[in-house]
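So the structure is just underneath, and the comments pick up after that.
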Amino acid sequence: MRRGSALERRRARAGRLFVAPNLAAILVFLLFPLGFSLYLSFHSWDLFSPPRFVGVANYRRLFSDDPLFYIALRNTAVFTVLTLVPTVAISLGVAWLLNRKLRGVGVFRTLAFLPLVASTVAMAVVFRFILASDDGLANILLGWIGLGPVPWLTDPRWAMVSLSLVTVWKTVPFATVILLAAMQGVPENLYEAAKIDGANGWHRFLSITVPLIRGALSFVLVITVINTVQAFDQAYALTGGNGGPETGTYVLGIMLFQNAFRFYEVGYAAALAWIIFAILLAFTLIQQWLARRSEMEL
């Protein structure tokens with residue numbers, strides 16, 4: 001018993017030593033920044049003078065004294081909807097095509113997944129040239145079919161559409177990978193039984209595929225919403241750091257960047273970051289509750 005207990009202690013000590021670097025990394029790069037940002041959200045700090053405690057003044061200012069917060073919140077909600085719906089629809093369609101045994105599907109898979117490896121900033125810069133109002137490729141192609149030039153990046157409404165198009169192009173490959181993996185796990189005999197019963201391809205997709213990949217769909221939904229609410233790099237590279245034109249692409253990520261690194265109101269930016277975290281947490285919890293409820297009904 002003594003030898004066994006000594007061996008167990010050595011194994012436990014070795015296990016703690018192996019885990020210690022990961023725990024240290026979590027402490028330094030996750031828990032400490034989270035705690036420090038929460039601390040700063042109750043302070044006024046400009047990076048140079050010592051932090052000054054202001055209580056909930058930063059949060060009160062967000063909700064009562066800053067009209068730009070509601071503009072950013074509205075723009076982020078519109079951007080999320082414009083990105084989420086096409087991403088889910090296109091990803092479902094592409095994953096369904098890739099899951100079929102067709103000639104040349106390997107080349108199609110490679111082309112579909114190429115945006116996944118592209119840098120978001122580089123991608124946004126390329127699209128900035130494509131969507132240029134005067135000599136952009138998009139307007140040149142529209143001119144060939146007799147359509148007038150579209151102010152992709154100079155009109156506030158079209159700028160939001162352009163930002164959503166770029167984000168969808170970047171997001172679809174990741175969502176497709178998740179949905180394709182889920183579709184490949186659906187038993188083939190279910191499709192064969194449905195085919196014998198006379199169900200066509202559309203009915204098999206709605207009655208078998210979609211219900212059985214509901215977990216993957218929920219994951220894609222949550223991840224897409226989180227990415228759009230936190231979007232910054234594509235908006236900054238595509239339309240600049242001011243959220244222009246006017247306030248057409250002034251989303252929460254741009255507002256956070258401006259307050260932290262342009263106006264040096266770090267405490268105010270930290271409060272905004274925690275509001276974004278609260279919004280995402282509430283959405284995730286509600287979505288998980290709805291997903292569990294729908295699974296119980298099945």
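Data overview
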read-out: Filter pass, Ser91 being at pLDDT below 95, among the small types (Gly, Ala, Ser) and exposed (fewer than 13 other Cβ atoms within 10 Å of the Cβ); value: no
read-out: Filter result for the condition that a residue is under 19 Å from Asn75 (Cα atoms), loosely packed, with under 15 Cβ neighbours inside 10 Å and either touching a residue at least 12 places away in the same chain (Cβ under 8 Å) or under 21 Å from the mean Cα position of the chain (by Cα) (or both), over Gly253, Gly241, Gly248; value: Gly241
read-out: Test: residue in segment 96-111 that is open to solvent by 30 Å² or more (accessible area, probe 1.4 Å), of a type outside the set (A, V, I, L, M), touching a residue at least 24 places away in the same chain (Cβ under 8 Å) and more than 22 Å from Ala237 (Cα to Cα); value: yes
read-out: Hits in segment 256-265 - residues which are assigned to a helix (DSSP H, G or I) and surrounded by fewer than 20 Cβ atoms within 10 Å (Cβ to Cβ); value: Phe257, Gln258, Ala260, Phe261
read-out: Leading residue by the ranking (most open to solvent (accessible area, probe 1.4 Å)) among those in segment 151-208 that are assigned to a loop (DSSP other than H, G, I, E, B) and among the polar types (S, T, N, Q); value: Thr154
read-out: Selection status of Asn227, of a type outside the set (D, E, K, R) and surrounded by fewer than 14 Cβ atoms within 10 Å (Cβ to Cβ); value: no
read-out: Answer from Phe29, Phe36, Phe79, Phe63 - the residue that is in a helix (DSSP H, G or I), crowded, with 16+ Cβ neighbours inside 10 Å and of a type in the set (Phe, Trp, Tyr); value: Phe79
read-out: Residue ID - farthest from Pro156 (Cα to Cα), chosen from residues in segment 92-143 that are among the charged types (D, E, K, R) and in a helix (DSSP H, G or I); value: Arg109
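The values are calculated or read from the model by the stated rules, or taken from the named source; none is laboratory data. Small disclaimer: the values here were computed from a predicted structure and weren't measured. So basically every Cβ, Gly included, is an ideal-geometry build from the backbone, and we count neighbours across all protein chains shown. Please note that ligands, DNA and RNA were not included when accessible areas were found on the heavy atoms of the full protein model with its side chains. Shrake-Rupley method; radii C 1.70, N 1.55, O 1.52, S 1.80 Å.
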